[in-house]
Amino acid sequence: RFLLGAIARLPLLLFLNRDKSKKPDNPSKKTDQKMYLKAGLLCGGLLFMAVSFQQYGMQTTESGKAGFLSSMYVVMVPLLGFFISKRVRKAVWLGVLLAVAGVYLLSFTNQLRIERGDLIVLMGTVFWAAHILMLDRFLPEVDGLSLAIMQFLVAGIIALGAALIIDKPELTQIRDGLWTILYSGIVVVGGGYTLQVLGQKSIHPTIAAIVMSTESVFAVFFGWILLGENLSGRELAGCALMFVAVLVAQLPVFGSKSPRKPNYPSLPADINEIESFQQTRD
């Protein structure tokens, strides 16, 4: 599905870069290629690890717990970011706590039990957090769409190799799941994952994690709309907390820095400089 996502977005990239291809090469082109290769390998490798651990763990744990643990990247991102000097405002930390509480209300209906699958999903969460931070590292230096396609190609090639070695899929299995593969590749990867990269280019990684954790809210919402599932008071409270978390994380009032003083020019020392200074201002 990652390869399909890359193929689906490649025509858009070629269309957007149609004018750049006519320009002569410049000395920095090789440097840019190395940067894209490095970013693609690191982000694509982390993406593959995150998805693999998450999906493997979901086979041996409850869906509610898997959803909750998967959303814990909302906590992992600021914690891992702390070790690389990524400052987080107090408002964002409050948003993190509200998001955790909201996801818990949405996901858990039974008593908490830690199982082997939970630990595997949690390991995937660590890789999701690392992936978000790695995107934040490279996005200021590279084009978002190009990076998205590059990481899809890397993750897809690794996943294809692993599938051929471990699972040995048969043609009938691929044929039976063809529509699911097409949907998850073109819509989920080519659409959702690409929008994540493009959106994260302009916001703090912790805020990005909080926004992405609202996937639990939309899962419940579309379950109500499309499948006719009932929403309990607990789930409604969880949805409310999630939306409040996103709003609170954007507030600048907690831990905001004092405004910078304007940098006025120094005053002249004698009368001649005063006249010259006045003429310059006029």
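The values are calculated or read from the model by the stated rules, or taken from the named source; none is laboratory data. Only a predicted model underlies this, so the values are computations on that prediction, with no experimental measurement involved. Ideal geometry is used to build each Cβ from the backbone, glycine not excepted, and the neighbour counts take in all protein chains shown.
Mind checking whether some residue in region 122-132 is in a helix (DSSP H, G or I), surrounded by fewer than 19 Cβ atoms within 10 Å (Cβ to Cβ), out of contact with any Leu (no Cβ under 6 Å at 6 or more places or on another chain) and of a type outside the set (Lys, Arg)?
There is at least one residue in region 122-132 that is in a helix (DSSP H, G or I), surrounded by fewer than 19 Cβ atoms within 10 Å (Cβ to Cβ), out of contact with any Leu (no Cβ under 6 Å at 6 or more places or on another chain) and of a type outside the set (Lys, Arg).
Tally time: how many residues in region 143-176 are free of Cβ contacts under 8 Å to residues at least 60 places away in the same chain and either in contact with a His (Cβ under 6 Å, 6 or more places away or on another chain) or closer than 30 Å to GLN200 by Cβ (or both)?
Going through region 143-176 one residue at a time, the tally reaches 4.
Looking at (1) in contact (Cβ under 8 Å) with a residue 40 or more places away in the chain; (2) out of contact with any Ser or Thr (no Cβ under 6 Å at 6 or more places or on another chain); (3) among the hydroxyl-bearing types (Ser, Thr, Tyr), which one does THR180 not meet, given that it meets all the others?
Going through (1) in contact (Cβ under 8 Å) with a residue 40 or more places away in the chain; (2) out of contact with any Ser or Thr (no Cβ under 6 Å at 6 or more places or on another chain); (3) among the hydroxyl-bearing types (Ser, Thr, Tyr) one by one, THR180 breaks only (1).
Identify, from the list LEU135, LEU160, the residue that is surrounded by 18 or more Cβ atoms within 10 Å (Cβ to Cβ), of a type outside the set (S, T, N, Q) and either within 14 Å of LEU37 (Cα to Cα) or at pLDDT below 90 (or both).
Of the residues listed, the single one that is surrounded by 18 or more Cβ atoms within 10 Å (Cβ to Cβ), of a type outside the set (S, T, N, Q) and either within 14 Å of LEU37 (Cα to Cα) or at pLDDT below 90 (or both) is LEU135.
Given the condition surrounded by 15 or more Cβ atoms within 10 Å (Cβ to Cβ), outside any helix (DSSP H, G or I) and either touching a residue at least 40 places away in the same chain (Cβ under 8 Å) or not aliphatic (A, V, I, L, M) (or both), answer yes or no: does some residue in region 187-194 qualify?
no
Would you confirm, using the coordinates I've provided, whether ALA8 is modelled with pLDDT of 80 or more and not aromatic (Phe, Trp, Tyr)?
yes
Among (1) outside any helix (DSSP H, G or I); (2) under 21 Å from VAL51 (Cβ atoms), which single condition is GLU141 missing?
(2)
Right, LYS168: under 21 Å from GLY81 (Cβ atoms) and surrounded by fewer than 19 Cβ atoms within 10 Å (Cβ to Cβ) or not? Let's see the steps before the verdict.
Working: under 21 Å from GLY81 (Cβ atoms): no; surrounded by fewer than 19 Cβ atoms within 10 Å (Cβ to Cβ): yes.
No.
Taking region 173-218 as the search range and keeping residues that are modelled with pLDDT of 85 or more and among the small types (Gly, Ala, Ser), which one is nearest to LEU135 (Cα to Cα)?
For region 173-218, the residue satisfying everything is GLY199.
Limited to region 202-235, what total is found for residues that are in a loop (DSSP other than H, G, I, E, B) and either free of Cβ contacts under 8 Å to residues at least 24 places away in the same chain or hydrophobic (A, V, I, L, M, F, W, C) (or both)?
Filtering region 202-235 down to residues in a loop (DSSP other than H, G, I, E, B) leaves 202-204, 213-214, 228-232.
Now narrow it down to the ones that are either free of Cβ contacts under 8 Å to residues at least 24 places away in the same chain or hydrophobic (A, V, I, L, M, F, W, C) (or both): 202-203, 228-232.
Selection size over region 202-235: 7.
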